[in-house]
Amino acid sequence: MEKKTMPVYVVKLGKVQASIWRNETKHGPRFNVTACRLYLENGEWKRSDSFGRDELLTASRALQSAYDWIWSQPRTGAVEEDRGQIYEPLSCN
């Protein structure tokens, strides 16, 4: 049986959920985020990737929490990212 991949961190605010996934690369770990809205239909929980007016602020807060968690993780590898800019390591010679 194939091992199911699980998110490394989940932010759940009410019916909105943001899941953080870790991907190993040659430059170290990288993270991706998926967001969904949970809803109950005929007694069964389901997921949707669309958000209505009343879920938008909650979704933005869940995504902000995911962003904060990712940036709190130690960074490794040859390339460091700093809020959207890529810096190559500099030699001090």
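What spacing in nm lies between the two simple spin-label points modelled at Thr58 and Arg22, each 7 Å away from Cα in the Cβ direction?
2.9
Starting from the Cα of Lys4, draw a straight line to each of the lysines and keep only those under 23 Å, dropping any in the same chain fewer than 8 residues away.
Those lysines meeting the cut-off are Lys12, Lys26, Lys46.
Which of the peptides 40-50, 59-69, 3-13 is most tightly packed, and how do the rest follow, going by the mean number of other Cβ atoms within 10 Å of each residue?
Details: 40-50: 8.5, 59-69: 16.4, 3-13: 12.3.
Result, highest mean Cβ count within 10 Å first: 59-69, 3-13, 40-50.
Accessible area per residue of the range 1-74 at 1.4 Å probe, in Å²? If you can, show how the numbers build up before the last one.
Values: 5680 Å² over 74 residues.
Ligands and nucleic acids excluded, the result is 77 Å² per residue.
Placing +1 at every Lys and Arg Cβ and -1 at every Asp and Glu Cβ, with all other atoms neutral, what dipole size does the range 1-59 have around its Cα centre, in debye to the nearest 20?
The calculated dipole for the range 1-59 is roughly 240 debye.
Please give the FRET efficiency for Tyr67 paired with Asn42, using the beta carbon to beta carbon distance and R0 = 35 Å, rounded to the nearest 0.05. The partial results should precede the final answer.
Values: r = 35 Å, r/R0 = 0.99.
Working from the Cβ atoms, E equals 0.50.
Which one, Gly43, Thr25, Thr58, is farthest towards the positive end of the dipole of the range 1-58 when Lys and Arg carry +1 and Asp and Glu -1 on their Cβ?
After comparing all options, I get Thr25.
The values are calculated or read from the model by the stated rules, or taken from the named source; none is laboratory data. These figures come from a predicted structure and were not determined experimentally. All Cβ positions, glycine included, derive from the backbone under ideal geometry; neighbour counts span all protein chains shown. With ligands, DNA and RNA removed, areas are computed over all heavy atoms of the protein, side chains included. Shrake-Rupley method; radii C 1.70, N 1.55, O 1.52, S 1.80 Å.
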